[in-house]
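The values are calculated or read from the model by the stated rules, or taken from the named source; none is laboratory data. Quantities reported herein were computed from a predicted structural model and do not represent experimental measurements. As a convention, Cβ positions derive from the backbone with ideal geometry for all residues, glycine included, and neighbour counts pool all protein chains shown.
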Amino acid sequence: MDEISPKAYPLADSTLTTKILSLIQQAMNYGQLKKGANEATKSLNRGLSEFIVMAADAQPLEILLHLPLLCEDKNVPYVFVRSKQALGRACGVSRPVVACSITNNEGSQLKEQIKLMQQQIERLLI
């Protein structure tokens, strides 16, 4: 297991990670998911992001560290999970994924779950 950088803050615990990954899977099925640091950045810049999930074991972590700053600018919650492998699986690909963005969709059936998840992530940031 790689050391998790202290820069990977806030880091979700295992319970929250499970919930996050399950929501990512659902978002993927509803087409509300952008995979990868570049896509996540674009969705933030376009104001489409509900929240951002990043992998704490990305190498080097610096490739992701512009995202928390951007999230804070845009008032979008963000969180780290331990494993890019697990994040990739949740995104429905066999490759590791270092970042993804859950995007908004007005008529989405995930709206409530996304709102709850945002609140849980925001609590970590306090």
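With the requirement that a residue be outside any helix (DSSP H, G or I) and basic (Lys, Arg), what does the range 80-97 give you?
Applying the first criterion (outside any helix (DSSP H, G or I)) to the range 80-97 yields 80-83, 91-97.
Of everything in the range 80-97, those that are outside any helix (DSSP H, G or I) and basic (Lys, Arg) turn out to be Arg82, Arg95.
Can we say Gln32 is of a type in the set (S, T, N, Q), in contact (Cβ under 8 Å) with a residue 24 or more places away in the chain, at negative phi and surrounded by fewer than 18 Cβ atoms within 10 Å (Cβ to Cβ)?
When the stated conditions are applied, Gln32 does not pass them.
Among the residues of the range 72-82, what is the count of those that are over 11 Å from the mean Cα position of the chain (by Cα) and buried (at least 19 other Cβ atoms within 10 Å of the Cβ)?
Summing the residues that are over 11 Å from the mean Cα position of the chain (by Cα) and buried (at least 19 other Cβ atoms within 10 Å of the Cβ) in the range 72-82 gives 1.
If only one of Gly92, Gly88 is at positive phi and at pLDDT 95 or above, which one is it?
Gly92
May I ask you to list the residues in the range 98-126 that are assigned to a helix (DSSP H, G or I) and acidic (Asp, Glu)? Break it down stepwise before answering.
So in the range 98-126, the residues assigned to a helix (DSSP H, G or I) come out as 111-124.
Within the range 98-126, Glu112, Glu122 qualify.
When residues of the range 35-54 are filtered for being basic (Lys, Arg) and either within 16 Å of Lys115 (Cβ to Cβ) or crowded, with 22+ Cβ neighbours inside 10 Å (or both), how many remain?
Within the range 35-54, residues that are basic (Lys, Arg) and either within 16 Å of Lys115 (Cβ to Cβ) or crowded, with 22+ Cβ neighbours inside 10 Å (or both) number 0.
Looking only at the range 97-109, count how many residues are under 16 Å from Lys34 (Cα atoms) and out of contact with any Leu (no Cβ under 7 Å at 6 or more places or on another chain).
Result for the range 97-109: 2.
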